[in-house]
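One structure is given below, encoded as structure tokens.
What follows draws every value from the coordinates through simple rules; no lab data is involved. All of these numbers come straight from a predicted model, not from anything done at the bench. Neighbour counts are summed over all protein chains in view; Cβ atoms, including those assigned to glycine, are modelled from backbone coordinates with ideal geometry.
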């Protein structure tokens with residue numbers, strides 16, 4: 001059975017990139033080539049779908065809010081004016 005891994009990619013000059021999903025065997029090769037260069041988020045994930053959700057940061061998110069409507073993405077929410 002295949003297990004999945006989520007890791008945070010390190011880019012040029014140590015800049016942190018996004019999360020990446022791969023199979024455990026691929027992670028083992030990546031880590032062997034450059035030990036400690038990328039940061040492991042979680043290993044041993046049962047399904048690719050679960051790993052993708054974790055990588056996107058939606059693993060624990062509910063589909064609908066308490067009002068029954070799908071929540072807006074932060075960039076689509078209306079701006080709240082500062083309190084004066």
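Using Cα pairs under 8 angstrom and six or more residues apart, how large is the relative contact order of region 4-60, in percent? Before the final figure, lay out the partial values.
Values: 79 pairs, mean separation 25.5, N = 57.
About 45 percent, as a whole number.
Just to be sure I understand the curve: with the Debye formula and one point per C-alpha of region 4-60, what is log10 I(q)/I(0) at q = 0.16, 0.22, 0.26, 0.30 Å⁻¹?
Calculated log10 I(q)/I(0) at the listed q: -0.45, -0.80, -1.04, -1.23.
By count of other Cβ within 10 Å, fewest leading, how are 45, 30 ordered? Don't jump to the answer; show the numbers that get you there.
On the way: 45 22, 30 18.
Starting with the residue having the fewest Cβ neighbours, the order is 30, 45.
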